[in-house]
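Chemist: One structure follows; several queries about it will come next.
What follows is calculated from the coordinates using simple rules that are stated; it is not laboratory data. Bear in mind the structure is a predicted one, so any value in this text is a computation, not a measurement. Here the Cβ is made from the backbone with ideal geometry for all residues, glycine too, and neighbour counts use every protein chain on show.
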C-alpha cells in the first residue's frame, strides 16, 4: 500500500516537473494571473464608475458647476476632454460610456433665461440609456433656477437676471422631493462592492479562471505522456493501472493546487486581498482543484494531439469562466444567463467565494455549493478514469 | 518560386483542415465567446425594465407619475409595469425576482408636494439586477427633478411678488410651469448606428484576438517541418528557403483572411453584429492579418520547437489582446493609451472610426498603424529566421 502511494507521488512529481520545465507555462502560472488581477483591479477598482467624458469651457462657471454635479452623481466619473472631435471618437471607440458637450455661452444663457442645448453622446447600449436619464436630471436641476426665474419674471413684471439670485435662494430653503432606494432580496450588491478592497473582486473570481485554465493547459502534457509511450512503458512495469491513473491525476491536481496557492498567497501578501475563513476557503479551493483535474484528464484522454487539446483547453477555459461569472460578476447577469451559469463549476465556486469573503461565511454557509462541486469532481474524475483506462489499454 | 510556394501552401492548408484545432481557434471559439459575452450585455433594444407601481396616495401628483411618466415609458417599450395594491405585494415580487424594481408613492405624497413639504418617492430594487435598479432609480429621480422644478417656479413667483399673487394665480403659474419647455435640454449628438454596438465590438475583438492564434499555425508549421526533418527534404529539392517561408506565410495569410471574413459574416448573420462599410472592413482585415503575421513571425523566430513557438505566441497574443481591449473596452485615462501599442487596439479603433464616419477612408490611419506593426516586426523576424536555418 505504501509502495503504491509512493509510486503515485513519484508519477505526480514527474508530471509537475515536466509542466514547470516548459518556460512559457511559468509565464501562464506566475505572471499572467497577477497581471490580470492588477489590470482588472485598476480598471474596475475605482468604484465601478461609468466614465462620462465632458467638454466644457474652463472660464464658464455654470459649465464647471454642471461638470461637478455630474461627477458627484452616483456611479458616474467625469473625465475632462479637450474638444468635440476627441469626445466623439472616444465614445464611438467605446473608451467612454458617454459624453456631454457643453457649448460656449452656457452661463450667459442661464443668466438671461435663453434656451440652450447641451449635447449628449452615448454608446448604443443600455448603460448609456441610464446615463442619459442621470444627465438629464442633473441638467434639469441646474436649469430649474433659470426656468423659475423667467416664469416668475413674467408673472411679476421683473427682469429675469434680477430673479435668478432670488430663485437660487428660494431653492436653498426648499425641502424638495426625495428619492430613496432600498435593496430588497438578492445580494446587497452596492454595499458589498464598496466593502471590497480594490483588488478583491478581481482576485477571487480570477482564481477559479486560472486554476481551471492552467489545469486544462496541463492536459497537453498528459497527451505527450501517451504519445511518447511513457504511459505504456509504465504499464509494462509491475505498477498497476489504478496507481498509474492516480499518479497522472495527481500530477494535474498538484499543478492546479500550486496555481491556486500561488494566487492566494501573492495577492494576500502583495495586495492585501482578503480570502475569508481559512477552512472554508481551503475546502472550496481543494474541491475546485479536483474538478479542474477531472476536466483536464477528460480533455487529455479525448484528444489525440496536444495542439488540439490546448486549443480546446483555452476555449473551454475561457467560455466556462465567462459563463461562470469569473470575468463579469454573476450579480450583473440577466436572469436567463444565471440559469446557464449554474452548469459551470465556476459559478458555484464564485458564489461560495462571495459568501465566504463578502459575508464572512463559514463552511456551514456554503455546504450546498461545496456539495455541487464535489459532484462535479466525482463525475468528471469518473468519466476521465473510464476514458483514460480505455485510451491506455486498447 | 511562386509555384513551389503555392504547392506548400496547398499542402499546409489541407493539413490544417484535417487537424481540427485550427478550426476551433479560427471559427468556433471566437463565435462561442462572442455569443456568450453578448448575452451578458443587453443592448438598448432588448433592455426592458420590469417594474411594479404602488400608488398609496391616489391623488393628482402621484398620478402624474403613474399615469404620466410610467405610462409614457410603457408606450415606448422601455418599461413593463405591473400595479400592486400594497407595498408587501411589490416587495415580495421584487424579492422573488418577478420584477426588478418597484416604485412606491406613499400616502399623502401629493399633499406634501403641493404644500412644498418635500415628499418621498421610494424605490425598491433587486440588487441582483444592477442595471434595472439604476434605470428605475433614474426614472424616479427624473420625476423628482420635475416636481422640484415646478415647486421652485411657484415659490420663486410667490416670493418675488411679495404676497401680491393670489392662490389661484399661483395655480395658474404652476400650470404654466408644467407646460414650460425646459430652458436647457440635451440632444443626442451621435446616432446609435454611427457606433459599434457592443455585440459588434465583441465579435470584432474576439475575431482579431483569435486571428493572432490562427496565423500562428503557419509559423509553427515551419518549425514542425524542421523538427520532423521534412524541411531538410524540402531544401534538398531545388527550392530556396525563401520559397518555403513564402509558402508558409501565404498559408497563414489565407487562413487569417478566411477566418476574419467568416467571422465578420457569421457574426452579422447569426448575432446581428455589423462591422461597418464592407470596403473599410476588408482593408482593415488585410492590414490586421499583415500585422498578426509580422508580430507572430518575429515571436516565432525566438522558438526552437513548435510547442515553444505556440506558447510564446499565446503569451504575446494575450498581452496585446488585453492591452488592446478585446475583452472589454479600456477606459479613456492612461490605461487607454495602452491600446495604441497593441495591433488589436488599432484594429478595434479602426472599426470604431469606420462606423462613425461616412467613408471607408476613415480606416486609413488604423490601417497604416497595423501595416507598420506588421513590417516593423516582420523584417527582424525574417532576418532571424534566415540566420537560424542557415
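Chemist: In a Debye calculation with equal point scatterers on the alpha-carbon sites of segment A:50-183 and no solvent, what is log10 I(q)/I(0) at q = 0.16, 0.17, 0.22 Å⁻¹?
Modeler: Results for segment A:50-183 at q = 0.16, 0.17, 0.22 Å⁻¹ read -0.86, -0.94, -1.28.
Chemist: Grab the eigenvalues of the alpha-carbon gyration tensor for segment B:260-379, scale each by 5, take roots, and send me the semi-axes largest first in whole angstrom.
Modeler: 25, 16, 15
Chemist: Test of understanding: ordering B:187, A:178, A:239 by Cβ neighbours within 10 Å, fewest first, what list do you get?
Modeler: Exposure proxy ranking, most exposed first: B:187, A:178, A:239.
Chemist: Let me ask something additional. Shape verdict for segment A:233-328, please, from the Cα gyration tensor: rounded (a/c under 1.5), prolate (a/b greater than b/c) or oblate.
Modeler: Here segment A:233-328 falls in the oblate category.
Chemist: Below 8 Å, C-alpha to C-alpha, sequence gap of six or more: please give me the relative contact order for chain B in percent.
Modeler: Answer for chain B is 18 percent.
Chemist: Fewest to most neighbouring Cβ within 10 Å: what's the order for A:170, B:208?
Modeler: Ranked by crowding around the Cβ, least crowded first: A:170, B:208.
Chemist: A further question follows. Calculate the mean, over all residues of peptide A:309-320, of how many other protein chain Cβ atoms lie within 10 angstrom of the residue's Cβ.
Modeler: Working: counts 1, 8, 13, 6, 0, 7, 9, 3, 0, 7, 6, 1.
Shielding by partners across A:309-320 averages 5.
Chemist: Please give the per residue volume of the convex hull enclosing the alpha carbon atoms of chain A, rounded to a whole number of Å³.
Modeler: Dividing the Cα hull volume of chain A by its residue count gives 175 Å³.
Chemist: Checking the a/c ratio against 1.5 first, then a/b against b/c, what shape does the Cα gyration tensor give for chain B? Show your work: numbers first, answer last.
Modeler: Values: a/c = 4.05, a/b = 2.94, b/c = 1.38.
Verdict is prolate for chain B.
Chemist: Taking each residue in A:128-139, count the Cβ atoms of any other chain within 10 Å of its Cβ, then average. What number comes out? Before the final figure, lay out the partial values.
Modeler: Values: counts 5, 10, 12, 2, 3, 8, 6, 2, 8, 9, 3, 6.
Other-chain Cβ atoms within 10 Å of each residue's Cβ, averaged: 6.
Chemist: List the extent of the Cα atoms of segment B:49-192 along each of their three principal axes, largest first, rounded to whole Å.
Modeler: Principal-axis extents of the Cα atoms in segment B:49-192, largest first: 54, 42, 23 Å.
Chemist: With chain B treated as a Gaussian network of Cα nodes joined by springs under 10 Å, which of B:133, B:92, B:372 yields the largest mean-square fluctuation?
Modeler: It is B:92.
Chemist: A further question follows. Rounded to the nearest 500 deg cm²/dmol, what is the calculated helix-only ellipticity per residue at 222 nm for the protein assembly as shown, with -39500 (n - 2.57) per DSSP H run of length n ≥ 4?
Modeler: Helix-only estimate at 222 nm: -22000 deg cm²/dmol.
Chemist: Counting each pair of different Cα atoms once, what's the Kirkwood radius of the protein assembly as shown in Å, rounded to one decimal?
Modeler: By the Kirkwood definition, the hydrodynamic radius is 29.3 Å.
Chemist: With no solvent and one point on each alpha carbon, what is the Debye value of log10 I(q)/I(0) for segment B:128-189 at q = 0.14, 0.20, 0.28, 0.30 Å⁻¹?
Modeler: Debye curve over Cα of segment B:128-189, log10 I(q)/I(0) at q = 0.14, 0.20, 0.28, 0.30 Å⁻¹: -0.56, -0.83, -1.14, -1.20.
Chemist: Rounded, prolate or oblate: pick one for segment B:95-151, where a ≥ b ≥ c are the square roots of the eigenvalues of its C-alpha gyration tensor, a/c under 1.5 means rounded, and failing that, prolate if a/b is larger than b/c, else oblate.
Modeler: It is oblate, given that a/c is not under 1.5 and a/b is not larger than b/c.
Chemist: Okay, moving on. Compute the normalised compactness of segment B:250-325: alpha-carbon radius of gyration over 2.2 N^0.38 Å, N being the residue count.
Modeler: Working: Rg = 14.3 Å, N = 76, 2.2 N^0.38 = 11.4 Å.
Ratio of Cα Rg to 2.2 N^0.38 Å: 1.26.
Chemist: Among the DSSP beta bridges whose two residues both lie in the protein assembly as shown, what percent are antiparallel, rounded to the nearest 5?
Modeler: 20
Chemist: Let me ask something else. How far is helix B:343-356 tilted off the main Cα axis of chain B, in degrees rounded to 10, range 0 to 90?
Modeler: The two axes meet at around 50 degrees.
Chemist: Let me ask something else. Report, to one decimal in Å, the Kirkwood hydrodynamic radius for segment B:342-390 based on all distinct Cα pairs.
Modeler: So the Kirkwood estimate lands at 12.1 Å.
Chemist: Pairs of alpha-carbon atoms within less than 8 angstrom and 6+ residues apart define the contacts here; what relative contact order does chain A have, in percent?
Modeler: Over chain A, the number comes to 19 percent.
Chemist: Right, here's the next one. Pick from A:253, A:208, A:27 the residue whose mean-square fluctuation is largest in a GNM of chain A, springs joining Cα atoms under 10 Å.
Modeler: Looking only at A:253, A:208, A:27, the biggest GNM fluctuation is shown by A:27.
Chemist: Let me ask something else about it. Highest GNM mean-square fluctuation, chain B, Cα pairs closer than 10 Å: which of B:223, B:255, B:170?
Modeler: Largest GNM mean-square fluctuation: B:170.
Chemist: Please work out the C-alpha center-to-center distance from segment B:1-72 to segment A:264-326 and express it in whole Å.
Modeler: 25
Chemist: For helix A:241-271, report the angle its Cα long axis makes with the longest principal axis of the Cα atoms of chain A; keep it between 0 and 90° and round to the nearest 10°.
Modeler: It works out to around 30 degrees.
Chemist: Per-residue mean of other chain beta-carbon atoms within 10 angstrom of the beta-carbon, peptide B:117-127? Intermediate results must be reported in sequence, preceding the final value.
Modeler: Numbers: counts 4, 5, 4, 4, 5, 5, 6, 6, 8, 6, 13.
Per residue, the number of nearby Cβ atoms from other chains is 6 on average.
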